[in-house]
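K.L.:
The structure that follows is given in the form of structure tokens.
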Amino acid sequence: VEIYSLHVDCKVTSRFVHTVITSRIVNRANESREATFEVELPKTAFITNFSMSIDGEVYPGIIKEKAAAQNEYDTAVSQGQSAGLVKITDRKLEQFHVSVSIAAASKVTFELTYEELLKRQLGKYELLIKVRPKQLVKHFQIDVHIFEPQGIHFLETDSTFMTNELTEALTKVQNETKAHILFKPTLEQQKKNSELDETLLNGDFVVRYDVKREAAAGDIQIVNGYFVHYFAPQEMPVIPKNVIFVIDRSGSMTGRKIEQTRDALLKILQDLHQEDHFNFITFNNKVVEWKSSLLPATEENVASAAALVQTLTARGGTHISGALLTAVGVLEKAEGLPERSVSMIVLLTDGQPTSGERNVEVIQENVQKAINGKYALFCLGFGFDVSYKFLEKMALSNGGIARRIYENADAALQLQGFYQEVATPILMQIEMQYPENSIEGLTKNNFKLFFEGSEIIVSGKISNELDLLPVEIKAQSHTSNLTLKEEANVKEKEHVFQNQRYIFGNFIERLWAYLNIQQLLEKAISAQEEDQKALEAKALDLSLRYSFVTPLTSMVVTKPQQQEELANKPTEAG
């Protein structure tokens, strides 16, 4: 079974990515064989379309509500026949896998489309394409077209499998606002060596870039009555932070995990700013405070903390509740902290609560009551024995985020990377205001914190004939209260995207739907039951209307002989 053509076509329009992967396979055997289509796509993406055509007959994928699809599927298939088509493969990717039996000399074309909104982290956007054809492919091609009306500030490509020969197959053309990256290696260039038919193409192909930012109040783009507003202020003074690290040293952290935690914490200590205050709480079945109060991050205090970190060992149970409530207590009674500062708690744990309060719902409730909206809680779950759902709900209920740390060789780097994202808050209490009577379906427009190198994105629908869309941003910086104003000329803005040949029509409307679904699902995690149902119903409606495979929908993949399989979106919480 030979893959004779594989084409990855990515169109990035103002951070919104539309990717189509087309694989053409021929069965050169003289009997029927399985043809397999396997694609790894970013977890943040939603599949929007899939089809296969066998000898001219097209078998489409149909997106339905998950429960309805499951019922239909169960009726069609006796129980336990086939696992889902999509599973999480690593910390950034999930895999879509489908195979079909094709007759001798037959051809099949698989086509998968997915979309995502690129998230700015540490000053750049990253577009990840996983390349793993597992065989030499006669016509192999990756096309990435980027159009950023704000202008491209820098652009680089990176790959884990490049050789000098393969570099020759890579071309990059760019001007002020557009770029085209083409990677088209010949059969010879794909080979590991001339004797063997083994492919070099195995790994990540990454495009990183950032855009230019001139306007203080961000950039507004408009297509077909939908707008998106990007806001990423630069060169602002950093707001000092008061951070308490709450570190699990129960028995299950023994060995590699505690070593990697020590490595990461030593680096993180070096990254503290001088105006920051910090403290450590470690816990197993006992909760131990390093100091009774927060200390300024002087050289001396940092060195003394590093000495403590070096001695961290792991044994005993897991008293998560006691450790978090102790951390809140330290922040509550803290004195002499900078007047404008951000207080945060960073929890790192690898297990379930086994000491003290064990009921996760009670812990969530008590922690939320204690924090009372005053501090941000970030939860890092190490490995797969944690209840990620519990950590995620706790973080999202308290203005933070959760992240799973994968037990790989680079776990210390994952921990550091996470810390770097939240290390430099530059704005607090950000309100993005738009004319109330002229905007519908506004996505989230109030944000507690803005970290340097990230980006705030708000989108909505302009409901009546506006000529000018005024925006006002209110926020607190380290030194003052800011008000930024901007007006967008609707006609002019609409004009920017006309005549752009590789723009897929209503991309801002799809971006708006994507962002809305992501935010509704996130909100549902920490909502009360009735609210949760309402939020999920809204997200489901959008998922169906814009055909996205989200955690609430399934794609029914039809095959020859009335066979069906389901593609579901896996979530980190399982």
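K.L.:
Roughly how tilted is helix 529-545, in degrees to the nearest 10 and between 0 and 90, from the longest Cα axis of the chain?
P.N.:
Tilt of helix 529-545: around 30 degrees.
K.L.:
How far, in degrees from 0 to 90, does helix 411-422 lean away from the longest principal axis of the Cα atoms of the chain, to the nearest 10?
P.N.:
70
K.L.:
Relative contact order of the range 133-220, please, whole-number percent, based on alpha carbon pairs below 8 angstrom and at least 6 residues apart.
P.N.:
The normalised contact order for the range 133-220 reaches 42 percent.
K.L.:
If the chain between Thr483 and Arg91 were fully stretched, how many nm would it gain, using 0.36 nm times the residue separation less the Cα-Cα distance?
P.N.:
Difference between extended and current length: 137.3 nm.
K.L.:
Where the centroid of each part is defined by its Cα atoms, how far is the range 539-570 from the range 425-449 in Å?
P.N.:
32
K.L.:
Another one. List the trypsin sites (Lys or Arg not before Pro) within the range 3-57 that DSSP assigns to loop and that have no more than 11 neighbouring Cβ atoms inside 10 Å.
P.N.:
Loop-located and lightly packed - Arg28.
K.L.:
Students often get this wrong: which residues of the range 142-157 have the backbone nitrogen under 20 Å from the point 7 angstrom along Cα-to-C-beta of Glu176?
P.N.:
Residues 146-155 qualify, since their backbone N sits under 20 Å from the label point.
K.L.:
Okay, next question. In whole percent, and with a 1.4 Å probe on the protein chains, what portion of the accessible area of the range 330-407 is carbon and sulfur?
P.N.:
C and S fraction of accessible area: 42 percent.
K.L.:
Still on this structure, I have one more. Go through [x] 1.07; [y] 1.03; [z] 0.98 and flag the label whose value is the computed Rg/Rh (Cα atoms, Kirkwood Rh) for this structure.
P.N.:
[z]
K.L.:
Full extension from Ala68 to Thr160: what is 0.36 nm times the residue separation minus their Cα-Cα distance, to one decimal in nm?
P.N.:
29.0 nm
K.L.:
When the dipole is taken about the Cα centre of the chain, and only Lys, Arg (+1) and Asp, Glu (-1) are charged at their Cβ, what size is it in debye, to the nearest 20?
P.N.:
The dipole of the chain has a size of about 540 debye.
K.L.:
Find the centroid of the Cα atoms in the range 450-467 and in the range 144-206, then give the distance between the two in whole Å.
P.N.:
Answer, in whole Å: 33.
K.L.:
Another question about this same structure. Need the list of lysines near Lys172 for cross-linking: C-alpha distance under 20 angstrom, and skip anything on the same chain fewer than eight residues off.
P.N.:
By straight Cα distance, Lys172 reaches Lys11, Lys124, Lys130, Lys184, Lys212.
K.L.:
How large is the accessible surface per residue of the chain, computed with a 1.4 Å probe and reported in Å² as a whole number?
P.N.:
44
K.L.:
With a 10 Å radius around each residue's Cβ, average the other Cβ atoms per peptide and rank 391-404, 282-295, 106-119, 472-485, highest first.
P.N.:
391-404, 106-119, 282-295, 472-485
K.L.:
Right, next: Highest first, please rank the peptides 251-264, 406-419 by the mean number of other Cβ atoms sitting within 10 Å of their residues.
P.N.:
In decreasing order of mean packing, 251-264, 406-419 become 251-264, 406-419.
K.L.:
For the pair Thr22 and Thr313, how long in nm is the line joining their label points, each one 7 Å along Cα→Cβ?
P.N.:
Those two pseudo-labels are separated by 6.3 nm.
K.L.:
Taking a ≥ b ≥ c as the square roots of the Cα gyration tensor eigenvalues, with a/c under 1.5 meaning rounded and otherwise prolate when a/b beats b/c, else oblate, which class fits the range 397-516?
P.N.:
The shape class here is oblate.
K.L.:
Take the alpha carbon atoms of the range 307-335, find their center, do the same for the range 44-72, and report the distance between the two centers in whole angstrom.
P.N.:
The two parts, judged by their Cα centres, are 48 Å apart.
K.L.:
First check a/c for the range 163-273, with a ≥ b ≥ c the square roots of the eigenvalues of its C-alpha gyration tensor; if it is under 1.5, answer rounded, and if not, answer prolate when a/b is larger than b/c or oblate otherwise.
P.N.:
In terms of gyration-tensor shape, oblate.
K.L.:
Calculate how steeply helix 360-371 sits against the longest principal axis of the alpha-carbon atoms of the chain, using the helix alpha-carbon long axis, and give the answer as 0 to 90 degrees to the nearest 10.
P.N.:
Helix 360-371 and the main axis of the chain meet at about 50 degrees.
K.L.:
Report, ordered by chain and residue number, the lysines lying within cross-link reach of Lys474, taken as a straight Cα distance under 16 Å and ignoring same-chain residues fewer than 8 apart.
P.N.:
Hits, sequence-local ones excluded: Lys444, Lys448, Lys485.
K.L.:
Out of all DSSP beta bridges in the range 241-423, what portion is antiparallel? Express it as a percent rounded to 5.
P.N.:
Counting only bridges with both partners in the range 241-423, antiparallel ones make up about 15 percent.
K.L.:
Separate question: Summing -39500 (n - 2.57) over the DSSP H runs of n ≥ 4 in the chain and dividing by its residue number, what mean residue ellipticity at 222 nm do you reach, to the nearest 500 deg cm²/dmol?
P.N.:
Computed ellipticity for the chain at 222 nm equals -7500 deg cm²/dmol.
K.L.:
First check a/c for the range 241-423, with a ≥ b ≥ c the square roots of the eigenvalues of its C-alpha gyration tensor; if it is under 1.5, answer rounded, and if not, answer prolate when a/b is larger than b/c or oblate otherwise.
P.N.:
Cα axes put the range 241-423 in the rounded bin.
The values are calculated or read from the model by the stated rules, or taken from the named source; none is laboratory data. Since the model is a prediction, treat every value here as computed from it, not as a measurement. In this analysis, Cβ positions are derived from the backbone assuming ideal geometry, glycine residues included, and neighbour counts consider all displayed protein chains. The protein model used for the area step is the full one, side chains on, heavy atoms only, and it has no ligands, DNA or RNA in it. Shrake-Rupley method; radii C 1.70, N 1.55, O 1.52, S 1.80 Å.
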